[in-house]
Amino acid sequence: MTGAGSSTRRTVTGAAARRARAWTTVFAGALVAALVASVFVGANPLRADEILAALAGAGTDEARFVVWDQRVPRAIAGVMVGVALGVAGALIQAFTRNPLADPGILGVNAGAAFFVAIGIAFLGITEPGGYVWLACLGAFVVTAAVYALGSSRSGPADPIRLTVAGVAVGAVLAGLTTGLTLTHPDAFDRMRGWNAGSLLERGPDVLATTAPLLVAGLALAFVAAPALNSVALGADVARSHGVRLARVQGSAIAAVTLLAGTATAIAGPIAFVGLMIPHVVRWSVGTDQRRIFAVSMLAAPALVVLADIVGRVAAPGEMPAGIVTAFVGAPVLIALVRRRRASAL
């Protein structure tokens with residue numbers, strides 16, 4: 001009986017591994033296809049041979065401008081935003097043991113938007129390159145405030161208290177941001193595209209500034225990933241496995257702040273990606289956090305880049321990617337959370 005049981009377990013494990021590899025291949029293929037389409041599809045009617053010539057450094061000035069100054073930077077921005085949101089979403093769900101948590105639950109998005117609104121209204125900042133530093137500063141300041149509010153003197157902050165503090169602070173800042181933009185029409189006009197989650201005009205200056213923050217956030221996330229497998233089983237089990245909860249908590253919060261702050265700084269608040277993608281990946285490849293983080297780095301950018309492409313061609317004027325992800329994410333998430341395997345951590 002023991003031999004038969006071991007054989008059955010090996011068969012189940014092998015089937016799960018094959019399933020995980022198959023889905024990883026699907027997500028990788030989707031990302032490659034999305035990147036190719038991002039370069040070849042757009043509102044400007046360029047032929048394929050013109051685009052290929054522009055990629056090689058030849059062709060007309062217009063084609064080179066469209067390809068190298070618009071489409072390629074947008075594709076890179078979409079990958080960076082997707083990677084950041086996908087890993088941040090998986091991380092915050094594992095850390096809080098809440099399948100409905102998303103990267104904005106610590107007030108990161110609200111803090112970034114509030115600081116950007118202040119910069120536009122009072123400091124005269126009008127370019128996306130200036131938004132980056134304000135958004136990152138707002139993300140860090142608000143996360144620190146939420147952590148202080150959710151902490152206790154007896155030990156590390158409780159995930160539930162952090163969630164409540166993040167929701168409360170985020171709601172206050174969202175109200176202040178709305179009031180600020182309504183009383184400063186110029187700020188409202190300039191902030192509208194960024195606040196809707198747009199990848200337009202995200203040039204090398206913005207991407208180069210945020211790349212180190214993205215790398216640092218990913219490094220912290222993967223350092224914390226092995227311990228999060230134990231944390232998912234409960235605090236007592238994690239301690240019995242030798243996990244230092246305070247250290248894991250600090251790494252997780254710092255990583256979420258860096259990742260979500262980076263994504264928000266580049267494109268503004270984009271909804272549903274960090275909430276939906278971890279569900280899809282968890283259902284596809286299992287519950288190992290290291291694998292979830294890695295595959296989320298393929299699935300989430302594929303979704304963001306595809307949403308950006310749809311936004312370019314779906315309307316006479318461009319529709320920001322954040323609006324498209326909301327349309328797609330809501331029904332998909334409803335379908336997923338009704339599946340027990342997708343909802344469980």
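Classify the range 194-345 as rounded, prolate or oblate, taking a ≥ b ≥ c as the square roots of the eigenvalues of its Cα gyration tensor: rounded when a/c is under 1.5, otherwise prolate if a/b is larger than b/c and oblate if not.
It comes out oblate by the Cα gyration axes.
Seen from all sides and averaged, what is the projected area of the convex hull of the Cα atoms in the range 69-167, in nm²?
In nm², the orientation-averaged hull projection of the range 69-167 is 7.5.
Just to be sure I understand: with springs between alpha-carbon atoms less than 10 Å apart, which residue in 49, 205, 288 has the highest mean-square fluctuation in the Gaussian network model of the chain?
Greatest mean-square fluctuation among the candidates belongs to 49.
Between the alpha-carbon centers of the range 26-75 and the range 86-142, tell me the distance in whole angstrom.
30 Å
Looking at the chain, identify the longest residue range that excludes and avoids all trypsin sites (Lys or Arg not before Pro) in DSSP loops having at most 16 other Cβ atoms within 10 Å.
245-337
As a check on your grasp of the helix formula, calculate [θ] at 222 nm for the chain: sum -39500 (n - 2.57) over DSSP H runs of n ≥ 4, divide by the residue count, round to the nearest 500.
Counting only the DSSP helices, I get -26000 deg cm²/dmol.
In Å, what Rg and Dmax follow from the Cα atoms of the chain?
21.0, 75
Picking from 333, 123, 303, which is most flexible by a Gaussian network model of the chain using Cα springs under 10 Å?
123
Determine the principal axes of the Cα atoms in the range 159-248, then give the extent along each, sorted from largest to smallest and rounded to whole angstroms.
Dimensions of the range 159-248 along the principal axes of its Cα atoms: 56, 34, 16 Å.
Given springs between every Cα pair under 10 Å in a Gaussian network model of the chain, which of 139, 225, 300 has the largest fluctuation?
Among 139, 225, 300, the largest mean-square fluctuation in the Gaussian network model of the chain belongs to 225.
Just grab the label-to-label distance for residue 100 and residue 239, each label 7 Å out from Cα along the Cβ direction, in nm (one decimal).
2.9 nm
Taking 8 Å as the Cα distance limit and 6 or more residues as the minimum spacing, I'd like the relative contact order of the chain as a percentage.
Once divided by the residue count of the chain, the mean separation gives 29 percent.
Between the range 259-296 and the range 169-245, what's the alpha-carbon centroid distance in Å?
Cα centres, the range 259-296 to the range 169-245: 11 Å.
Bear in mind these aren't lab numbers, they're just calculated from the coordinates by the rules spelled out. No experiment lies behind these values; they were computed from the predicted model shown. Here Cβ is always computed from backbone atoms with ideal geometry, including for glycine, and neighbour counts include all displayed protein chains.
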